[in-house]
Every structure is written in C-alpha cells, then in structure tokens.
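Let me begin by presenting the structure, written as structure tokens, before commenting on it.
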Amino acid sequence: MHLKKAFFIIVLIFLITTSKAQSPSISSFTPASGEPGTVLTINGTNFGSVPANNVVYFGAVSAAISNASTTQIVVTVPLGAQHGPIAVTNKTTGLSKHSALPFNPVFSGGGRIIPASFDFKIDIPLSFDIEGLTLADINGDGWTDLAVANNEANAIDIYRNLGLGGDITPASFDTKVTLTTTGSSANEAGLSMTDLDGDGKLDAITSVGLQFGNASFTTFRNVSTPGTIAFDAPAYWQGNRDESPPYFVGDIDGDGRPELVGGEGSSGVGADLWIARNISNPGDIQFAASINFLTGSLDGLSNVAMGDLDNDGKPEMIASHDFGSSFSIIKNTSVPGTLALNVIGEISTEQYNRAVQIVDLNLDGKMDICWRKTS
C-alpha cells in the first residue's frame with residue numbers, strides 16, 4: 001500500500017511538472033548579423049541548462065552550441081545560415097521559440113547582385129508532379145539536403161547532400177530516399193520540414209487525399225543520424241475537406257509547439273480553414289482533431305502567412321482568398337492550449353494574390369506584408 005501511494009505521488013508530481021513547462025522566450029541576440037563562424041549570444045528564459053539540452057536553428061541549419069544556461073545560449077553561426085528568425089528548442093521540455101527579429105547572414109565580397117553573381121543552373125531529374133520543395137539539413141550533418149513532395153507517387157523524395165563542397169552538380173546529392181504514404185493524391189500536397197515533437201530534428205509534413213473520407217495532414221518523425229536519412233512510418237491527421245495541404249506550420253497558441261494549418265481552395269464549400277493543435281512530446285508526434293475557423297469568411301484559401309503585426313507577442317494570420325482579389329487579416333487571441341482567431345478586416349489586392357509573406361523589410365520593428373499579384 002505504501003509503495004502504491006509513493007508511486008502515485010511520483011507520477012502525479014511528474015504530470016504536474018510536465019504540464020507547467022514553459023516555452024522558451026528570446027529577448028535579444030547579438031550580433032544581429034555576421035558571417036559563418038561568428039559567435040552569437042542569445043538571451044532569454046527557459047533554455048536548457050546545458051548545451052546538449054538545446055537546439056538552435058538559423059533557418060533550416062542547426063548551429064554548434066558552446067555554452068548554455070537557462071537564460072543564455074552561445075552559438076557559432078553555421079555555414080548555410082539563412083536570413084530569418086532564430087529558433088531555439090529546449091529538448092528537455094520539447095518546446096520552441098522563434099526570435100521576433102531576423103538574423104542577417106553576410107559573406108565576404110557581398111554588396112550587390114547581378115546576373116554574373118550566379119553560375120549556370122543545374123538540373124536534377126525529378127518526378128513529374130512536384131507540389132512542394134524544401135531545403136533543410138535533415139540529418140544533422142551540417143549540409144543542406146533537398147526534399148520534394150512527389151504528388152504523382154503520393155510520397156516525399158529526399159536527396160541527401162553528400163557534402164562534397166565545390167561546384168554543385170547532380171552528383172552532389174545521393175540517390176533519393178522515398179517516404180511513401182497511402183491514400184489518393186491531393187491538390188497542392190505541400191511540404192514542410194519542422195521539428196514537431198521538440199526533439200531537435202526536423203520532421204516532414206505533407207498531405208494526402210481521402211485517407212479518412214477527407215484529406216489528411218501526413219507527418220513523418222525524423223530519426224536520421226549524420227550520413228543517414230531515416231523516418232518513422234507516416235501518421236495521418238484528418239483535415240476537414242477533400243484537400244488539406246500544410247499551408248502554414250508554426251506555433252499559434254504560444255505553447256511552444258507548432259500547429260498545422262490547412263484549408264480548402266474551392267469557393268463556397270462551408271469549411272475554409274482548419275487548424276490541428278500540436279499536443280506532441282519529445283519522441284511522440286500527436287495532434288488534436290482539426291478545428292474549423294472562419295467558416296464562410298474566406299472565398300477559398302490559397303495561402304497563409306503569420307507574423308506579429310501589432311507587437312503583442314502573438315502572430316496574426318494573413319489568409320489569401322483563392323477566388324477574389326483580397327486577403328483577410330486575422331487577429332490571434334489564442335492562449336496556450338486554446339486557439340482563438342477573429343477576422344478584423346480585408347485588404348483589396350485588385351488581382352488574385354499569391355505567396356503572401358510577413359517580414360520586417362526596413363527593420364523598424366514593425367512587420368510588413370508583401371505578396372505577388374496574378375491574373
């Protein structure tokens with residue numbers, strides 16, 4: 001009896017501790033720009049107390065960590081660092097945070113872009129129907145790999161970068177590794193590489209059609225090691241219509257876990273946009289059932305972007321109408337564990353808009369919106 005009580009108390013304490021885990025915060029980082037090899041300091045809270053308990057990404061490439069405490073991480077800017085927010089993941093809690101401001105990588109001899117700045121293109125033979133492309137260091141070896149959503153084969157094809165350096169040629173990449181799914185092909189299958197369970201590895205997200213009567217998000221948990229590409233079997237998370245591409249993958253409710261945002265491209269179907277809330281833990285990818293939002297408010301969905309437009313610490317959503325010439329501005333009032341979104345207005349773009357992005361173009365601390373117009 002005493003042993004049972006002790007066990008119950010230990011389990012209860014563990015559950016309470018886990019439920020109260022706080023996602024990291026990033027208050028600043030210095031310097032704001034630098035070449036690969038630059039030592040950069042990140043200040044904030046709720047970091048892992050030792051280097052091994054953290055992962056820091058500059059875009060899709062992870063950085064070497066030389067020192068860490070719960071309030072500061074010191075890293076070296078990696079080769080292949082990309083312009084954009086810095087991401088920190090506490091591997092103990094499995095929670096992540098992106099910096100509000102972007103890091104700007106530079107290199108010697110830069111300053112202008114002209115046609116002669118680039119070498120001749122190379123062609124890598126792919127399948128016919130490619131509906132998603134992502135570049136990321138998938139196996140943690142420091143080299144950027146190539147991944148595509150192969151809609152023709154209902155699969156993701158990954159081409160491992162062999163790390164040869166020098167000129168880029170088709171021989172720079174290994175024979176493709178194919179991650180297969182079941183179900184029919186989907187319009188705009190989409191592809192994202194994002195750490196879903198907070199274990200420090202970039203997982204794969206795409207979609208398939210008619211897996212549960214509706215289209216589904218499809219996730220593959222990354223179990224790769226340097227030199228080897230490997231993923232667990234696919235898991236499926238039902239969407240709410242016959243297509244559910246991952247239009248956006250990111251933390252919406254501020255709990256440190258990235259949600260999946262999907263939508264319907266057709267007009268007048270009654271379900272325009274839905275979100276699957278992330279309830280994963282390190283080593284175990286899990287999502288709650290998809291919830292419809294903005295039903296009837298959008299004229300079909302073609303694109304989603306998110307960024308903090310009013311500097312309240314929560315990312316707002318921009319949703320492009322697939323039919324019509326506008327996008328909706330959606331206020332995010334979510335709290336950890338509860339999603340809440342409200343349309344506060346529309347902006348007319350005069351023509352169809354695609355590829356909406358939210359980014360601080362002039363570094364004044366305010367997010368700007370840019371998009372491509374098309375007929």
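Rule-based calculations on the coordinates, nothing more; no lab input. Everything numeric here is computed off the predicted structure, so don't read it as measured data. Backbone-built Cβ (ideal geometry, glycine too); neighbour counts: all protein chains shown.
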**Asked** Each label point is 7 Å from the Cα along the Cα-to-Cβ direction; what then is the distance between the points at residue 107 and residue 67, in nm?
**Response** 3.0
**Request:** Mind giving me the nanometre distance, one decimal, between the label points for residue 83 and residue 28, set 7 Å out from Cα along Cα→Cβ?
**Result:** 2.4
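For residue 360 and residue 291 in the same chain, what is the full-extension length gain: residue separation times 0.36 nm, less their Cα-Cα distance, in nm?
Length gained between residue 360 and residue 291: 21.8 nm.
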**Prompt:** How far, in nm, would the chain grow between residue 372 and residue 340 when pulled straight, counting 0.36 nm per residue and subtracting the alpha carbon separation?
**Reply:** 8.7 nm
**Complete:** For the range 259-375, shape from the Cα gyration tensor axes a ≥ b ≥ c, cut at a/c of 1.5 then a/b versus b/c, turns out oblate
**Asked** Which order do peptides 342-350, 313-321, 191-199 fall in by mean Cβ count within 10 Å, highest first?
**Response** 191-199, 313-321, 342-350
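Relative to the present Cα-Cα distance, how much length would full extension add between residue 178 and residue 228 at 0.36 nm per residue of separation?
Values: separation 50, 0.36 × 50 = 18.00 nm, distance 1.30 nm.
Length gained between residue 178 and residue 228: 16.7 nm.
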**Among 288, 153, 246 the positive-end extreme of the charge dipole of the chain (Cβ point charges)** = 288
**Prompt:** Say the dipole of the chain comes from +1 at the beta carbon of Lys and Arg and -1 at that of Asp and Glu; which of 318, 72, 329 then lies farthest toward its positive end?
**Reply:** 72
**Item:** Greater than 21 Å apart at Cα, pairs in 331/366; 97/201; 91/201; 121/201
**Value:** 121/201
